[in-house]
Amino acid sequence: MQLINGKALSETIQEELREQVVQILAKGKRAPHLAAVLVGENPASAAYVRNKIKACERCGFKSTLIKRPAEISETELLQLIDDMNNDNLLDGYIVQLPLPAHISEEKVTLAIDPAKDVDGFHPYNVGLMTIGKPQYLPATPFGILMMLERYGIETSGKHCVVVGRSNIVGTPMSVLMSRNTKVGNATVTLVHSRTRDLKEETLRADILIVAIGKANFLTADMVKEGAVVIDVGINSIPDANTKSGQRLVGDVDFELVAPKCSFITPVPGGVGPMTVTGLLMNTLKAYELYSK
Ligand code: GUN
């Protein structure tokens, strides 16, 4: 069993990004600029956004954190988005999800200029991805593809099972794993809460990508010997032995699943850091494509 070290890999790729920024600055140009909008006080969202801003600093990107109270109106948020769309010194931005219930995530996503949509969530970018002409890949699937590529994990001719059908991970991942490309050239099954015999499906997987958002959902009896397991989950569970009284675990029962795997990602230190790296790569691409 080999551990896929997303933390170390993202440090390597972020160092490559930093070198590219050094070269940009040496030409007298400005650094790429990412903004993150954080609405409300969701602690998990605040932590994710903090990681994104920190990564910008490491790579020499300019970053702007825009915090707004949970009571912000939809109109005010849409106005902020319009301002960011018109800011020529801003290359890309994200609006961290979830948003408070009174704000339509769909309206917000549609309002983002697709050229600045470095999350790759706008339907225009989803469409480009689906026809194999991606502009920005959604950050988590992008990060997973980079892990598979850099660890030399063959996908051609393999059977990939994606667990979960969210717009952010499961659905785009199933598309990207079934394209005629160097990485992701697999036969894909997408399973979800209404799949009749989920275990029968997961047992057929050479590559299992689990993004269902339930702690320790995937157990050892659901995994074929030698499978590659990618754990997208980040779940906080009670743990009396830690200072905070909580502990982060993935969607995979790591202790018992890991011995069966050829490769597996840990939580934390697996997919999470690669998501941040995917976002930075998209931001650099936005800068290269559209900065004036
Ligand atoms: N919420 C959970 N993951 C993400 C992400 O990748 N981007 C944004 N904007 N919100 C999220």
The stretch 46-160: relative contact order as a whole-number percent, Cα under 8 Å and 6+ apart: 16
The stretch 102-118 and the stretch 1-33: distance between their alpha carbon centers, rounded to Å: 27
Cα gyration tensor category, rounded, prolate or oblate, for the stretch 1-93 with a/c compared to 1.5: oblate
Kirkwood-Stokes translational diffusion coefficient of the chain, alpha-carbon pairs, 25 °C, 0.890 mPa s, µm²/s: 124
Cα centroid separation, the stretch 126-181 to the stretch 237-292 (Å): 16
Test item: Cα-centred dipole of the stretch 229-292, Lys/Arg +1 and Asp/Glu -1 on Cβ, debye: 280
Global geometry of the stretch 216-280, whether rounded, prolate or oblate, following the gyration tensor of its Cα atoms and the 1.5 cut on a/c: oblate
Dipole axis of the stretch 245-292 (+1 Lys, Arg; -1 Asp, Glu on Cβ), positive-most option in G269, V249, L280: L280
The stretch 1-88: GluC sites (Glu not before Pro) falling in loop per DSSP and having at most 16 other Cβ within 10 Å: E41, E71
Cleavage-rule hits, trypsin sites (Lys or Arg not before Pro), the stretch 3-42, DSSP coil, Cβ neighbours within 10 Å at most 16: K27, K29, R30
Where trypsin sites (Lys or Arg not before Pro) fall in DSSP loop in the stretch 189-264, at most 10 other Cβ within 10 Å: R194, R196, K243
Sequence of H192, H33 once ranked by neighbouring C-beta atoms within 10 Å, starting from the fewest: H192, H33
Bridge type composition, the chain - antiparallel percent by DSSP, nearest 5: 15
Computed [θ] at 222 nm, deg cm²/dmol, the chain (DSSP H ≥ 4; -39,500 (n - 2.57); rounded to nearest 500): -12000 deg cm²/dmol
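We did not get these values from a lab; they are worked out from the coordinates using the rules stated. Model, not experiment: these values are computed from the prediction. Cβ coordinates were reconstructed from backbone atoms using ideal geometry, including for glycine residues, and neighbour counts include every protein chain displayed.
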